[in-house]
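Q: Right, I'll just put the structure down here and ask away after.
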Amino acid sequence: MKAKILGQKREYYKVIDSTNLKAKEKAEKGAVHGSLFVADKQTKGRGRRGRTWDSPPNSNLYFSLLLRPLFNPEKASMLTILMAVSVEKAFEELGVEKIQIKWPNDLILNGKKICGILTEMSTKIDSIEYVVIGVGINLGNYQFPEELQKMATTVYQETGKLLDRELLLEKILFHFETVYEEFSKVQNLCHIKKDYEAHLVNRNKEVRILDPKEEFCAIAKGITETGELVVINQNQEEKLIYAGEVSVRGVYGYV
Ligand code: BTN
């Protein structure tokens, strides 16, 4: 492991319900900052918004990283953006260069999702007790259930390359540790904003903002230093889109 702190304590499971659940359980029992939980297969892989994460064995990467940050809870959503950038950088070093990011934190290859990130947090009044960042990366050669085939793919299916999972994980942790160290000092995304925007799949393209209050079309321009998506609506007004309940879709489909 090249990272100095992250992953120094780690647990590996052949089969587990969910690495996020395990990380939270261990966090409650006092597991230290930087603890890593990795599995080959998950039986209850969890996605965002209560969805499941398809987690077959043998070739994909499923891991959760436990952090105990000292900053305020409202900053935590930026950690997911740091992780997205770190995964992209790791892929680039392994020769997979066309990875894009769909705001806030899906990684995309040839228009389909290859990686999802689920960040969960426990707080005490106005401080963070712990944060768990769970990452699932589709690497191998297998068929998704039919309902997912239009929007999900694997690195192998798109590039013919079967990447070494350990090496990929080592690189992700190294990059995350580097950007996290800087983030802990400045507590915003100024140091990775350009990198993130360079990979933003919808940049300068029309997107549909699926806000439960109002759905509208706009042009995505980039992100703020605190991670909101900046869009220009049809009246040429700049709007900030906050992650959470809002989804962003390309006008013709998922991206
Ligand atoms: C998403 O919906 O895009 C987020 C998916 C996150 C999946 C990963 S796999 C490892 C970790 N454990 C889980 O149960 N979920 C995350």
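Just so you know, all these numbers are worked out from the coordinates, no wet-lab data involved. Predicted model only: the values in this text are computed from it and were never measured. Quick reminder, even Gly has a Cβ in these numbers, built from the backbone with ideal geometry, and neighbours come from all protein chains shown.
Q: What fraction of the DSSP beta bridges in segment 1-132 is antiparallel, stated in percent and rounded to the nearest 5?
A: The antiparallel proportion sits near 75 percent.
Q: Can you work out the Karplus-derived ³J(HN,Hα) for every residue in segment 180-194? Use 6.51 cos²θ - 1.76 cosθ + 1.60 with θ = phi - 60°, whole Hz, and x for glycine or proline.
A: 5, 4, 5, 4, 4, 7, 8, 6, 8, 9, 4, 7, 10, 4, 4
Q: If you don't mind, there's one more thing I want to ask. For the chain, what ratio Rg/Rh do Cα atoms give with a Kirkwood hydrodynamic radius?
A: Rg/Rh: 0.95.
Q: Now for a different question. With r defined as the distance between the Cβ atoms of C217 and N188 and R0 fixed at 30 Å, what FRET efficiency is calculated, to the nearest 0.05?
A: 0.55
Q: May I pose another question? Given Cα pairs under 8 Å that are at least 6 residues apart, what percent is the relative contact order of the chain?
A: Dividing the mean separation by the residue count of the chain yields 17 percent.
Q: How far is it, in nm, from the label point at E146 to the one at N233 when both lie 7 Å from their Cα along the line to the Cβ?
A: Output for this residue pair reads 4.0 nm.
Q: In whole angstrom, note down how far apart the Cα centers of segment 71-138 and segment 1-47 are.
A: 15 Å
Q: At 4 °C and a viscosity of 1.567 mPa s, what translational diffusion coefficient does Stokes-Einstein give for segment 205-255, taking Rh as the Kirkwood radius over Cα pairs? Give it in µm²/s as a whole number.
A: For these conditions, the coefficient is 119 µm²/s.
Q: Of E97, E214, E181, which has the largest mean-square fluctuation in a 10 Å C-alpha GNM of the chain?
A: Sorting by GNM fluctuation, first place goes to E214.
Q: Return the calculated 222 nm mean residue ellipticity for the chain, to the nearest 500 deg cm²/dmol, obtained by summing -39500 (n - 2.57) across DSSP H runs with n ≥ 4 and dividing by the residue count.
A: Estimated from H runs of four or more residues: -7500 deg cm²/dmol.
Q: Is there a quick way to get the dipole size of segment 27-71? I mean about its Cα centre, with the Cβ of Lys and Arg at +1 and of Asp and Glu at -1; what is the value in debye to the nearest 20?
A: 220 debye
Q: Something else now. Search the structure for amide H atoms under 5 Å from the amide H of F216, placed 1.01 Å from N in the peptide plane, and list their residues when 5 or more places away or on another chain.
A: Counting only residues 5 or more places away or on other chains, the set is I209, D211.
Q: In terms of modelled amide H atoms, which long-range or inter-chain residues lie less than 5 Å from the amide H of W53?
A: When sequence neighbours closer than 5 places are left aside, the close amide H contacts are G45, R46, G47.
Q: Taking +1 at the Cβ of each Lys and Arg and -1 at the Cβ of each Asp and Glu, which of M151, I137, N204 sits farthest along the dipole of segment 94-215 towards its positive end, judged by Cα position relative to the Cα centre?
A: In segment 94-215, that residue is N204.
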